[in-house]
Amino acid sequence: MSEKEGRFILGVTRVYEKVPLDRIGVLLGSNGRVKREIEEKTKTKLTVDSTSGSVVIEPAFQSTTALDLLKAQNIVRAIAHGFSPERAFRLLEDDQVLEVIDVRQYIGDKPNHIKRVLGRIIGENGKTRRILEEMTGAYISIYETFVAIIASYEVSNVVKKAVEMLTEGRPHSTVYKYIDREMFTLKRKGVTEMWKRYF
């Protein structure tokens with residue numbers, strides 16, 4: 001996409017997000033600081049309805065691109081799914097994606113099943129979630145029935161598969177071995193590509 005093609009005519013293109021009411025305060029930040037920072041870093045304008053939780057994201061300038069709008073939308077969505085603004089801003093990097101998994105699609109909507117499965121993903125005092133983050137370098141948030149992941153596309157796929165394995169009841173040790181193997185493969189692939197680029 002050329003720079004010209006990536007531009008929008010002001011007021012023509014907009015995207016919408018829905019934010020839970022208990023996350024609106026986080027999205028806005030103290031005296032609107034977080035909202036302002038999102039707008040500045042993505043060249044967008046956010047209109048937040050604090051009573052309904054709806055957020056309208058529009059281009060703030062003629063130079064605002066489709067990618068800018070997408071980044072703003074993903075940051076808003078990440079905050080809506082429990083991430084701190086500091087972690088959500090990682091989505092400003094071009095190689096980072098947001099993956100949102102609703103565990104209900106795997107186990108149905110029985111509250112006791114959901115609680116048990118989310119407990120396996122979080123672990124005692126957050127231990128499992130912390131290990132998953134440390135092994136992959138991903139950011140992981142568990143909010144309501146959702147598991148949200150911020151990472152590169154390749155790493156997010158590894159974490160998504162690990163989460164699916166945990167929902168299926170696979171032992172934690174099996175899941176950690178899977179991650180270890182996949183991360184080793186990704187690192188080796190990265191080194192090989194770097195070698196090809198420079199030699």
Do the conditions hold for Ile75, that is, is it surrounded by 14 or more Cβ atoms within 10 Å (Cβ to Cβ), in contact with a helix residue (DSSP H, G or I) (Cβ under 7 Å, 6 or more places away or on another chain), within 18 Å of Ser141 (Cα to Cα) and among the hydrophobic types (A, V, I, L, M, F, W, C)? yes
Per the list (1) more than 15 Å from the chain's Cα centre (by Cα); (2) at pLDDT below 95, residue check on Asp94 breaks on (1)
Exactly one of these conditions fails for Tyr139: (1) in contact with a strand residue (DSSP E or B) (Cβ under 8 Å, 6 or more places away or on another chain); (2) modelled with pLDDT under 95; (3) of a type in the set (Phe, Trp, Tyr). Give me its number. (2)
Residue match in the range 147-155 (condition: at pLDDT 95 or above, polar (S, T, N, Q) and within 12 Å of the chain's Cα centre (by Cα)): yes
Hey, does the range 111-120 have a residue that's surrounded by fewer than 20 Cβ atoms within 10 Å (Cβ to Cβ), in contact with an Asp or Glu (Cβ under 7 Å, 6 or more places away or on another chain) and in contact (Cβ under 8 Å) with a residue 12 or more places away in the chain? no
A careful count of residues in the range 13-38 that are more than 15 Å from Gly82 (Cα to Cα) and in contact (Cβ under 8 Å) with a residue 24 or more places away in the chain gives 6
Can you find, within the range 129-158, the residue that is surrounded by the most Cβ atoms within 10 Å (Cβ to Cβ) among those that are assigned to a helix (DSSP H, G or I) and in contact with a Phe, Trp or Tyr (Cβ under 9 Å, 6 or more places away or on another chain)? Leu132
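The values are calculated or read from the model by the stated rules, or taken from the named source; none is laboratory data. Because the structure is predicted, anything quoted here is derived from the model rather than measured. Note that we place each Cβ from the backbone using ideal geometry, even for glycine, and neighbour counts take in every protein chain shown.
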